[in-house]
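The values are calculated or read from the model by the stated rules, or taken from the named source; none is laboratory data. What you see is a predicted model, and the numbers here were worked out from it, not measured in a lab. Neighbour counts are summed over all protein chains in view; Cβ atoms, including those assigned to glycine, are modelled from backbone coordinates with ideal geometry. Side chains included, ligands, DNA and RNA excluded: accessible areas come from the protein's heavy atoms. Shrake-Rupley method; radii C 1.70, N 1.55, O 1.52, S 1.80 Å.
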Amino acid sequence: MIIKKVFRLFSLNKSIKLLNTNIYTRTLHNKIILNEKNFKAKKGVYLIDENDEIPQEMVKNYNKYTERTCSCGELRIENVGERVILCGWVEYQRMKKFVVLRDGYGHTQIIIKDTAADLQDLFESLPYESIVKVEGIVIKRPQDMINKNQETGEIEVLIDKAIILNKSKDNLPFNIREFQKAKESLRMQYRYLDLRFHEMQRNLRVRSEILMKMREFLINKVGFVEIETPTLFKATPGGAQEFVVPTRFPGQFYSLVQSPQQFKQMLMAGAVDRYFQVARCYRDEGSRPDRQPEFTQLDLEMSFTDSEGVMSVIEDLFQHCWPNFLSTLPRAFRRITYKDAMERFGTDKPDIRFGYELKNCTEVLNANIKYRSPNMHSFCLVFPGQLNIFTKSQKEKFADLAKGYRDVKFVQNKVANKDEWIEKMSNLLSTEVATTFYNRYFLDDESVVFLVYGPKKAAVSLLGKIRLDYVNALEEKGHKIRKQGMHMLWVYDFPLFEEGETENSLNCVHHPFTAPHPEDIDLLQTNPLEVRSLAYDLVLNGNEIGGGSIRIHNSQLQQDIFTMLNINPDSLKHIIEMLGSGCPPHGGIALGLDRFLATILNVTSIRDVIAFPKTFEGRDPLSGAPSSISDEDKRIYHIKSIDN
């Protein structure tokens, strides 16, 4: 009995402390509101014979620890009559009476009384984008002045106090106006202004929310461990060009890692069998809309798994972190082999939101085409008459594109009528074959026909680009071709190797640590280009957003692959030794977070989902980097620069 009383006394003190940390707060009026239902459920919870699980209610409180009572985006009609404090940027003012205040959460209109001459004079002379703090009463807007396009459009704040927190310059480089956005180069030079746009605020907040949910799922739901791996590492052969970092050791350099690939494999050997990291990666390659010299990926690895295991964890991860403003995803994503993807879509990252697939017409045409080339294959792409926008400029554009494929013959035309088209094509095909082609591929009057023949990989690649370009042109003309929503696709069974730049040399399609398909091991020495790999890519709406593989975990096989790729094993001796130490079978994947976010947020460039991106040329317009260094720094790092 005495022991139980002691427990009750201890429980009471502990419950009070815990209660203080679990109070549900709301700071709109600087009040503290106690959730009585939860309080009753907790009563006596720390008795030794009672349930000790305390439900945690997550509440976003944007105003705690600040001088404001609410943000500029949260006041609604139910707040009428409340006294509030707002802080934000002055976006607009008119008639010395109406002022729009903006912060990262939204807009609120404030009203100045006709009798408050001091406040009117203050805002009339205040430059836009100045920071102010105001205090006043929430009032209802007149019915004819409600702004239905604004979340706070039913109310306004009648202020009686205002403090200038920071006065802006009179002439900023550009205005924060959606309808008059400056060019991207200027916006990137003054990125701190560009970040004030609603679109950028939304993008960065969605990014933060998704990363939080990814971490939550991986750590709390499926037991992964988040581990940070080094950025400074050793230069490794193969792959993209790496950035080098000089050191105080003469002639010796670090390399910025392209990815944590080697580290995560070493973690598997170290018994950390479920690793992930939101990793910064670096590649010194030409920038494109979907590339940056530094980028972020979600990197994960598992031991004792296979391709199915890795694909399943990613499908479950997306179910957990998928934003609610998008339509739901299927539990399992569609799958296609690399071979089928190339033959049907002409790319290993097919856009499956529309049809109009490539057709292999080799059997029909191969024996009859007058112009032959080695390894010749024939493919066609047909659009029906109602999708005929085949203008002269469009035809010239595709002809220029085809010039980049020297070994591929390219034919493009539209069908005026059956007889005329067959006669025209008889210069290339026999009349009989042209007739067979017309009937088999359902041509009709005004159909648009693209035909390629030549080496298979080049032929389908050209036709795959034309497929996308023509559909883009159709949609620019108002045709609705692509289906709505987000369409995930796994591409698997990639080749392990591709032909190298020199005769009889090989390159790896993914990276040299990718495991060959067990069924194709015997082909490694006899026909390596036919060996499939245990690699898989994740494609979203025609964009590759992730790629991974099952890794080689046998040291001898890894040495053999290095030899086939002409990689000096001494440069990766640490990997061979690691694999020989008892490394378990393992595999993983890396998701390109920037590209993924750009796709779901429907922006044209990954720069729009990165707070401080580089330009198209890989430069930082904000600071001017890269920049020169002093002669003293060059001496410390044993550097001599050559100005060409």
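Accessible surface of the chain, 1.4 Å probe: 50 percent of it comes from carbon and sulfur atoms.
Here the 3J(HN,Hα) profile of region 431-447, calculated from phi with Karplus coefficients 6.51, -1.76 and 1.60 at θ = phi - 60°, is 4, 5, 5, 4, 5, 4, 4, 4, 6, 5, 9, 6, 6, 8, 4, 6, 4 Hz, Gly and Pro shown as x. For region 471-560, the solvent-accessible area of protein heavy atoms averages 48 Å² per residue (probe radius 1.4 Å; ligands and nucleic acids excluded).
Applying both filters, DSSP loop and at most 11 other Cβ atoms within 10 Å, to the GluC sites (Glu not before Pro) of region 204-239 gives Glu228.
Within the chain, the longest segment free of exposed loop sites, counting chymotrypsin sites (Phe, Trp or Tyr not before Pro) that fall outside DSSP classes H, G, I, E and B and have at most 13 other Cβ atoms within 10 Å, spans 66-303.
Among the trypsin sites (Lys or Arg not before Pro) found in region 227-289, those both in a DSSP coil and sparsely packed, with 12 or fewer other Cβ atoms within 10 Å of their Cβ, are Arg248. Restriction of the trypsin sites (Lys or Arg not before Pro) in region 610-639 to DSSP coil positions whose beta-carbon has at most 10 other beta-carbons within 10 angstrom yields no sites. For region 563-641, just say rounded, prolate or oblate: build the C-alpha gyration tensor, square-root its eigenvalues into a ≥ b ≥ c, call rounded for a/c under 1.5, and beyond that prolate if a/b exceeds b/c, oblate if not. Cα axes put region 563-641 in the oblate bin.
A 1.4 Å probe run over region 318-465, with the rest of the protein chains in place, finds 51 Å² accessible per residue.
Of Lys349/Lys409; Lys392/Lys477; Lys339/Lys359; Lys392/Lys480; Lys96/Lys133, which sit over 20 Å apart, Cα to Cα? Over 20 Å apart, Cα to Cα: Lys349/Lys409; Lys392/Lys480.
Reducing region 170-205 and region 610-644 to their Cα centroids gives an inter-centroid distance of 25 Å.
Our coupling estimate for region 547-560, obtained by passing each phi through the Karplus curve with A = 6.51, B = -1.76, C = 1.60 and θ = phi - 60°, is x, x, 6, 7, 9, 6, 10, 9, 5, 5, 4, 5, 4, 5 Hz, Gly and Pro reported as x.
Coupling constants for region 111-121 follow from the phi torsions by the Karplus curve (6.51 cos²θ - 1.76 cosθ + 1.60, θ = phi - 60°), and in residue order they are 10, 10, 4, 4, 8, 8, 4, 5, 5, 4, 5 Hz; glycine and proline get x. Pairs of Cα atoms nearer than 8 Å and 6+ residues apart set the relative contact order; for region 387-516 it is 23 percent.
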